[in-house]
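Taking it in order: structure first as structure tokens, then the write-up.
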Amino acid sequence: MRVVYLSSEVVPFAKTGGLADIAGAIPKSLQKLGVEITVIMPLYGIIKENKYPLVKTDIQFEVRIGDKLKSGYVYKGFMPDSKVPVYFLDNEQYYGRNGLYNYPETTKDFEDNSERFIFLSQGALEVINKLNIYPDIVHCNDWQTGLVPVYLKTIYARKECFKNTKTILTIHNIAYQGLFWHWDMKLTGLDWGLFNSKQLEFYGKLNFLKGGVVFSDLINTVSKTYAKEIQTPEYGEGLDGVLRDRSKDLYGIINGMDYSIWNPETDKFIIANYGVKNLSGKQLCKKALQNKFRLPERNIPVVGMITRLTDQKGLDLVVNKFQDLMKADLQFVLLGTGEQKYQELFQTYANKYPAKVAVKLNFDECSAHEIEAGSDMFLMPSRFEPCGLNQLYSLKYGTVPIVRSTGGLADTITDVRSYPITNGKANGFLFKEYNSDLLLATIIRALDLFKNKTQWTKLMISGMSQDWSWDISAREYIALYKKIVKRVP
Ligand code: ADP
């Protein structure tokens, strides 16, 4: 089976969030299972700077953006430690700048994002054609490639190369839809007839993700619970109706995690490696974390958070109860970037409670690994969470997750109250309603159990022993691919 995987970000080349982790992992698992996979992504400025071993191919292509013809070049590389080919679309005007989607200094979206991702969507199809791939499946991800299924059913429908091609769209987060003013329809090259409320229009605007939802052969999202949630007005961000219309073609597949990157036994970022058989390294990681973040070296619970600082992540609940939290004997370490109001608030807490609170307000891969390894508990009280990766990393690092029961958090975390700790199923702490009293009560439950070292260690080991690797999810993707390949167009 030939699959082309399109993503606007892929680890290790470019990352703003979970999508990159996933796009950097699943193609490798699919290839191991016999899928002929090719990855296509933009050649961002940051990729050029990092000097990956890429080779410029002789492929050149053109995309019409409105009345302008834009040309692109193609570079080729491989996913690290694998034979998965990655093709990078090069256009200096669109991608040769700092930032993937927005200005890093202000987090304001680039004004030309619609053009940039029309270029990616059509450019990818041009390149697939030039490479003679004849794909069975084009696997699209999020709004940045949402127009691909639309193009394949319209402008590209008659191209020989796509005669038997089916599409699947994975929604990683429905809050990001790629909404642009209606005049950008002209840039897409698509027929204005598609600009109606059943297809590309969304309350007067052009919606790339909606296009993908309507036109792709199958849709999936990254957990079973989120697949249900997005069909409700509460979580659907206005697309719940369209998704309900397609509910027969909508699936949920939980993300896996890449144990070659996130594994305390081999992690190169942490001071001491450890595993279920030898937990002593975790104590050293905790001390190292306290030192690095200038917190006193004390044997009290360290609660970690690594997160985009947005409302989605439940930060208002944490802020609401911060004073109460500070009454407990604990330390709190936060790594995050995002909204100014949260950056300021957490910086104020760090100044006010220097012995208890430490924050790092940048994007820092190394600190992320150190926090996973050095914390005792990991906090993720998300308002919604399509899948979430950090709770899975936390499980592997013996850092017990405290999460709100939503989306992928509900599908991966089982509360200690549900099963006896000895049977290996329970792996964390959950609360249901989006409510700060419940958040506080759940943290207090965790702090109480932490006092019982034997029980706590058992809980850590349960999480560390569970298998959330990609191989399981990759098989589910292959089953979905097979399902649509069989369909008669
Ligand atoms: P989302 O994709 O919604 O941001 P996920 O939990 O699915 O949330 O994935 C977030 C990914 O981004 C994780 O790999 C996490 O470690 C990483 N991450 C988030 N913020 C930072 C940061 N400030 N520094 C380093 N890594 C971060």
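The antiparallel fraction among DSSP beta bridges confined to the chain stands at about 30%.
DSSP loop (so not H, G, I, E, B), at most 13 other Cβ within 10 Å: list which trypsin sites (Lys or Arg not before Pro) in segment 32-64 pass both filters.
Values: sites: LYS32, LYS48, LYS51, LYS56, ARG64; in loops: LYS51.
Sparse-neighbourhood loop trypsin sites (Lys or Arg not before Pro): LYS51.
Once the piece of chain linking SER82 and ASP58 is laid out straight, how much longer is it, given 0.36 nm per residue of separation minus the C-alpha distance between them? The partial results should precede the final answer.
Working: separation 24, 0.36 × 24 = 8.64 nm, distance 2.31 nm.
Contour length minus the Cα-Cα distance gives 6.3 nm.
Extending 7 Å from Cα along the Cβ direction at ASP67 and again at TYR101 yields two label points whose distance is 3.2 nm. When the alpha-carbon atoms of segment 280-467 are used, the pair Rg, Dmax equals 15.0, 44 angstrom.
Modelled label positions at GLU92 and THR348, each set 7 Å beyond Cα in the direction of Cβ, lie 4.6 nm from each other.
Add -39500 (n - 2.57) for each DSSP H run of 4 or more in the chain, then divide by its residues: what number comes out at 222 nm, to the nearest 500 deg cm²/dmol?
Here the helix-only value at 222 nm equals -10500 deg cm²/dmol.
Amide H to amide H distances under 5 Å link GLY252 with THR221, where only residues 5 or more positions off or on other chains count and H is placed in the peptide plane.
Applied to segment 409-421, the Karplus parametrisation 6.51 cos²θ - 1.76 cosθ + 1.60 on θ = phi - 60° returns per-residue 3J(HN,Hα) values of 5, 5, 7, 10, 10, 10, 6, 4, 7, 7, 9, x, 4 Hz, with x for Gly and Pro. Listed values for segment 462-468 are Karplus-derived 3J(HN,Hα) couplings in whole Hz (6.51 cos²θ - 1.76 cosθ + 1.60, θ = phi - 60°), namely 4, x, 5, 8, 6, 10, 10, and x replaces Gly and Pro. By accessible area, using a 1.4 Å probe on protein heavy atoms only, the chain has 52% of its surface on carbon and sulfur. Do you know the relative contact order of the chain, to the nearest whole percent, from alpha carbon pairs under 8 angstrom that are 6+ apart? Over the chain, the number comes to 12 percent. Rolling a 1.4 Å probe over the protein heavy atoms gives the chain an accessible area of 41 Å² per residue. Taking GluC sites (Glu not before Pro) across segment 110-215, the ones in a DSSP loop with at most 15 further Cβ atoms lying within 10 angstrom of their Cβ are GLU111.
Stokes-Einstein diffusion for the chain, with the hydrodynamic radius set to the Kirkwood value over Cα pairs and evaluated at 37 °C in a medium of 0.692 mPa s, equals 140 µm²/s. The magnitude of the dipole of segment 280-467, with charges of +1 and -1 set on the Cβ of Lys/Arg and Asp/Glu and taken from the Cα centre, is near 520 debye. Rg and Dmax, both from the Cα atoms of segment 244-334 and both in Å, are 18.3, 56. Restricting the trypsin sites (Lys or Arg not before Pro) of segment 116-212 to loop positions (DSSP other than H, G, I, E, B) with no more than 11 neighbouring Cβ atoms within 10 Å leaves ARG158, LYS163, LYS198. The residue list GLN199, GLY66, VAL242 was ranked by how far each Cα lies along the charge dipole of the chain toward its positive end, using unit charges on Cβ atoms, and VAL242 comes out on top. Charges on Cβ only, +1 for Lys and Arg, -1 for Asp and Glu, centred on the Cα centroid of the chain; of SER260, LEU100, LEU190, which one is farthest towards the dipole's positive end? Toward the positive end, the furthest listed residue is SER260.
The values are calculated or read from the model by the stated rules, or taken from the named source; none is laboratory data. All figures in this text were calculated on a predicted structure; none of them were measured in a lab. Heads up, the Cβs are rebuilt from the backbone with ideal geometry, glycines too, and the neighbour counts pull from every protein chain shown. Keep in mind that these areas ignore ligands, DNA and RNA; they rest on the heavy atoms of the full protein, side chains included. Shrake-Rupley method; radii C 1.70, N 1.55, O 1.52, S 1.80 Å.
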